[in-house]
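Report on the structure given below.
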Amino acid sequence: MTFLFYFLPVFLGFYFLFSAVSLIKTGKVSRFPGNLFLLFSSLFFYAWGEKLFVFVMLTSTLIDYICGLAISGHFGRKWKEEIITLEKDSPRTSRQKIALVVSVVTNLSILGFFKYFNFFVDSFNSAFATLRLEAWQFHDVMQVALPVGISFYTFQSMSYTIDVYRGNTPATKSLLDFASFVTMFPQLVAGPIIRYRDVACQLKERRVTIEDFSCGARRFIIGLGKKVIVADYLAVTVDKIFAVPGESLTTGLAWLGAIGFAIQLYFDFSGYSDMAIGLGRILGFRFLENFNYPYIARSLREYWTRWHISLANWFRDYLYFPLGGNRRPLPRVIFNLCVVFFLCGLWHGPSWTFVAWGMTHGVFLILERQGLEKWLKRLWVPLQHIYLLVLSSCIKMIFRSESIGQAWDMIKAMAGFARGDGSVYNVGSYLNPEFIAVFAVGVLGCLPIIPALNRRLSRWIGSRPRSAVVPLTTIHTLLEFSALALIFIWAIMWIANGTYNPFIYFRF
Amino acid sequence: MTVDKRQKTIRKLFDMAVILLFPALIFLPLLSKVIAIEPGIRLREKRVLTRRPELDLSLSGLLSYPDEFDSFYKDNFGFRSGLVHVFSRIRSRVPGLIVGNNVLVGKDGWFFVTQNRTMDDFRGIIRLSPQQLDTIKNTMEDRKEWLAMFGIKYLLVIAPAKWEIYPEKVPGNLNRVSERTALDQIISFLQDHSDIDLLDLRRPLRELKGLYPVYHKVDTHWNNVGLFAAVQEIKKKLSEWFPEITWDSLADYGIEEVRDNSGDLARMMGLHWTIPRIDYTLVGKKGEKYAPEGPIRGNPIGQTMICGEPSGSHQKLRTVVFHDSFGRSFHLYMKNSFFRSAYSWRHIPDTGLILRERPDVVVQELGQRNLSETLSQNPAGFFGPNSQFTGKAAKILCPSNGRLAVFRAKALHDLPVKQYLSLHINGEKVAEWPLAQEQILYSVPALVNPPIGDLSEYTFAYRYEPPGRSNTGDKSAFPFDLRAICRDNGSFVGINGSELAWSKGYNVYLVDTEGYVSQSRAFDYTKSDEKNAELTEFLKKARDRKGFLLLVNRHRTDRRLTLDAKGALRAIGLKGFPEDQRRWNHIALIDLGSKKVIAEQAGSAPQRLVVGRYKMDAGFEIRSLQIQRKSD
């Protein structure tokens, strides 16, 4: 609320006011005051929500900045000297190696401590309890609060030092640029994970055109709509279905919950990414895409090239490949995949259900690699889609459930072994016209239908007689604009509605 | 211009339009705080919206500021009212949706509440456990027995939920698994296992709905017609015990439509200014009118209203009615059947009120919501005549060397009855002590024979003597000390132990000759002619009453106090009211007979208003009265 209707308008107003001079002169936003204002705004934004944890982020930023310089060997040279990208194949000095280790260890320690400390303590305690070694348990352990976005910014700033070390990008001398990159508020909370090398040029200066702004604003509106109108709405019903006791589930209900959750998760996450990418575009940044219609994939391997792409790429480039990737003998590849997906699961949250979720992905990827995918390719195409959709829905049950037992109940019910008779909890009682409409929009939005239709419409308009093209284009554009305005206003209304809380007597 | 160029221009215009749309929509709520561009829709949520926090530059102040500001901005961003309003208005047309604050849209413009699992009860999926049913039965039996000890009858009345009477208006997606609701389970259990008198109003109201509308479409409650019918059913039932009670028929009345904006469901959707609540005034053959009561002001919970003692009345009956929001207007149609009747808004009976009023019958009305909770608790003091105590009222502190024991005991509740604690050894009463209200230590020396040894053989018994009925018009003095406490948070608790009000604004209470608040109004600080008129109206009605008027003005700053209380008081001829009334924490007590200020107190905390003996103009005397601030 405060973000959308206070922080964002004030920020955008000043951002473009400060950059007005350079925008008019060159059409570009420059480092000063653009990045400076961006940095301060981002820090303000983060401190507003996370208070003193802003210093954790600053510490991580500062260490990686220094490590970056150390790796590039810039210390000891003249400051003005230009930093060049390290040669890819040349050996690294021990100093460079130490700097890299310092950076990686610091980031992983910060992440490990804030995100996983309590999880590991609890896990040890329950393990000791099982082994009847209660005396070894930890007691009165402090409760560590989880700073928002820590998984994203530690990964971002780690990718910088690793890339400098590998010679993919030069280190930066400008702390301002680097800090702006790590703390940038549009993607700070929920990704995507940006890599320094992708935005290095844009940090120096970036072009903002009318098209960029318009495109970014549209992207933001669509993201907001995805999140507020679809994801948050479906979440209410999905939560209710997941609260149904296992013995009362019906097959239909389990599937409604599964599909509903698949749509909710995709719209929630990709909605956030859209908003971040859109805001970035408004500011002049072009972030890489994070989702590419994952539900149209035909195998789990393909799915991971379309789902949370920035995370998948991060794990691929900084963990899977260094471990040897798939160029090693089979047992080693299996081991690599297991490690990657164990950590990927853990990255999503400190809980064994996430680990189980990650590991299930790992197992199926190994199976696909061992011939399942080849076999699938020979099947009728719709069957390939069904394979992916059913598999990913089942695996998502593990992601969503409170416990493995609950996930198992849901999966059993989906497979037709439901124990409920549907008298109390049934699909009908969750359906109303609005839910059906939102659900339908959700299903449509998971498929690349609307952009395809839009393209086809443009092409069709282009093929009309010349006299009809302009009026038809006008109508098409007006429709597009109305749809956008409608989505935006409807989303804002949902947000406003959430703040309404009258006091009523009948409760007594 | 070529077609291509034109297409590009259109695209450019589109981009410009988006560039205008996006900032416009995110800027407007902020801009409306600077310049007045917002249409004047007010939601009136009946709560104080969060105020803008003040920035405190200490570390803890800085750390807590963002959250405080967030909750302030959530309540106060521009166009909030309009957005909520339009959004609810659109969605309230589609049956099956949940709109606003948990309102279910029904068919044909009917709305239902979904909180407290009400729609689960409609679907028949609430199953009360045998233990829950047993608790209800025991609670009701205890209540009935306790009242019977004083010769008082007890009638339990359940006000049906709207969906019980209009199930066909519930949207079709909610299937009914069974038509057996929680109420059905309670009724059949009580019928099989006890002799509690329970009045089920569903059948008569269902029969009536073909002829008249009996419930509101945009409110959870019955309308004036439903209320009238319910009271007549109560009277019918009471006439089995008291043949002198008569009842009326709706056929003797005509109905006139009236509209107001107080539908609670409409308010929960933010639509009370758009969807009016339609109610009916009953018009008798002689032209007498029974208009529905207007919206609720202030916090009515715990308040008591006393009606009656009409001169020359041949009625002798008295009643005490405990009710919830369904029964707030019972007095309209009940008071004429009784010599004196008291109406108290509470779920659990107030023993003090019962013992003071000593009615012939206690009627308890409860809505069909959370019955398993509201029917499972008795107030302290509802014990059978010879209840044994195990550590509840008596506690052995120090059994020593077989010669001395010390007992600590406390009289139960605030009962105006004599209470006794007795000691029994091997089933034989060996000593009995009268209990005072406060804690008392009893030392029992060796007079107990045989000497105290193994304490497990000892039991304590508690009993009280029902008082004689002593209320035949003796109004020479308040029977109790009057006490009221103002809390630091601005709430105001208690006259004679009842919760009064929680409003942070200006509160006016009318206290009757027996020390009970019979009416009250609460006003917040926003200026409005409507409110001033209402205050004057209230005071005018109070002018001819006996008793006194208590004014409590609670606020932290005087900036926003614009309600013209002083003017209103002057307008009805009250003398000597303080000139400077803008001070905060102002309390004043006004004798309605002499129209004079008995006592007043103003200024910052702590404070205390004490009145010693005071002869009221109405002929009775206040023995003592104190109002004091109390920290929360």
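The values are calculated or read from the model by the stated rules, or taken from the named source; none is laboratory data. Note that this is a predicted model, so its numbers are computed, not measured. Every residue, glycine as well, gets a Cβ built from its backbone with ideal geometry; the counts of neighbours run over all protein chains shown.
Determine if the stretch A:150-166 includes at least one residue that is among the hydroxyl-bearing types (S, T, Y) and either on the phi > 0 side of the Ramachandran plot or within 14 Å of another protein chain (Cβ to nearest Cβ) (or both).
No.
Can you pull out the residues in the stretch B:78-97 that are closer than 12 Å to B:T274 by Cβ, surrounded by fewer than 21 Cβ atoms within 10 Å (Cβ to Cβ) and at the interface with another protein chain (Cβ under 8 Å from one of its Cβ atoms)?
Of everything in the stretch B:78-97, just one residue is closer than 12 Å to B:T274 by Cβ, surrounded by fewer than 21 Cβ atoms within 10 Å (Cβ to Cβ) and at the interface with another protein chain (Cβ under 8 Å from one of its Cβ atoms), namely B:V86.
Failed condition for B:D75, given (1) touching a helix residue (DSSP H, G or I) at 6+ places or on another chain (Cβ under 9 Å); (2) facing chain A (nearest Cβ under 9 Å); (3) not aliphatic (A, V, I, L, M), with all others met?
Here B:D75 meets the rest and fails (1).
Of all residues in the stretch B:264-293 being in a loop (DSSP other than H, G, I, E, B), in contact with a Ser or Thr (Cβ under 9 Å, 6 or more places away or on another chain) and small (G, A, S), which is farthest from the other protein chains (Cβ to nearest Cβ)?
B:A291
Taking the stretch A:417-449 only, how many residues are surrounded by fewer than 17 Cβ atoms within 10 Å (Cβ to Cβ), at pLDDT below 85 and away from chain B (no Cβ under 14 Å)?
Number of matching residues: 1.
Could you list, in sequence order, the residues of the stretch A:419-461 that are closer than 30 Å to A:T473 by Cβ, in contact (Cβ under 8 Å) with a residue 60 or more places away in the chain, among the hydrophobic types (A, V, I, L, M, F, W, C) and part of a helix (DSSP H, G or I)?
Scanning the stretch A:419-461 gives A:V441, A:V443, A:C446.
For residues in the stretch A:104-140 being surrounded by 14 or more Cβ atoms within 10 Å (Cβ to Cβ) and of a type in the set (V, I, T), which is farthest from A:V189 (Cα to Cα)?
A:V121
Which of the residues that make up the stretch B:13-32 are of a type outside the set (A, V, I, L, M) and facing chain A (nearest Cβ under 7 Å)?
Answer for the stretch B:13-32, where residues must be of a type outside the set (A, V, I, L, M) and facing chain A (nearest Cβ under 7 Å): B:F14, B:D15, B:F22, B:P23, B:F27, B:P29.
Identify all residues within the stretch A:455-472 that are at the interface with chain B (Cβ under 10 Å from one of its Cβ atoms) and under 35 Å from the mean Cα position of the chain (by Cα); write none if there are none.
Within the stretch A:455-472, A:S458 is the sole residue that qualifies.
Scan A:L43, A:L36 and give me the residue that is closer than 16 Å to A:F181 by Cα, surrounded by fewer than 16 Cβ atoms within 10 Å (Cβ to Cβ), under 29 Å from the mean Cα position of the chain (by Cα) and touching a residue at least 40 places away in the same chain (Cβ under 8 Å).
That would be A:L36, the only listed residue that is closer than 16 Å to A:F181 by Cα, surrounded by fewer than 16 Cβ atoms within 10 Å (Cβ to Cβ), under 29 Å from the mean Cα position of the chain (by Cα) and touching a residue at least 40 places away in the same chain (Cβ under 8 Å).
Yes/no per residue for (1) over 21 Å from A:Y430 (Cα atoms); (2) more than 28 Å from the chain's Cα centre (by Cα); (3) surrounded by 21 or more Cβ atoms within 10 Å (Cβ to Cβ); (4) at pLDDT 85 or above:
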{"position": "B:K107", "(1), (2), (3), (4)": "no, yes, no, yes"}
{"position": "B:T114", "(1), (2), (3), (4)": "no, no, no, yes"}
{"position": "B:S129", "(1), (2), (3), (4)": "yes, yes, no, yes"}
{"position": "B:E164", "(1), (2), (3), (4)": "yes, no, yes, yes"}
{"position": "B:P171", "(1), (2), (3), (4)": "no, yes, no, yes"}
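How many residues does the stretch B:173-186 contain that are part of a helix (DSSP H, G or I) and either within 13 Å of chain A (Cβ to nearest Cβ) or crowded, with 18+ Cβ neighbours inside 10 Å (or both)?
Qualifying residue count, the stretch B:173-186: 4.
Looking at A:L86, A:L58, can you tell me which residue is farther than 25 Å from B:P23 by Cβ, surrounded by 19 or more Cβ atoms within 10 Å (Cβ to Cβ) and of a type outside the set (G, A, S)?
A:L86
Could you give me the residue pairs with C-beta distances under 8 Å whose first residue belongs to the stretch B:61-72 and is farther than 19 Å from A:L4 by Cβ, whose second residue is among the hydrophobic types (A, V, I, L, M, F, W, C) and part of a helix (DSSP H, G or I) wherever it lies, and which are 6+ apart or on separate chains?
B:L63/A:L52
Taking A:L484 as the residue in question, decide whether it is assigned to a helix (DSSP H, G or I), at the interface with another protein chain (Cβ under 9 Å from one of its Cβ atoms), at pLDDT 90 or above and farther than 30 Å from B:V105 by Cα.
no
Farther than 30 Å from B:N175 by Cα and more than 9 Å from chain B (Cβ to nearest Cβ), is that true of A:A452?
yes
Give the number of residues within the stretch B:195-229 that are touching an Asp or Glu at 6+ places or on another chain (Cβ under 8 Å), of a type outside the set (A, V, I, L, M, F, W, C) and over 22 Å from B:D108 (Cα atoms).
1
The conditions are (1) touching an Asp or Glu at 6+ places or on another chain (Cβ under 9 Å); (2) within 14 Å of another protein chain (Cβ to nearest Cβ); (3) not aromatic (F, W, Y), and B:Q232 fails exactly one of them. Which is it?
(2)
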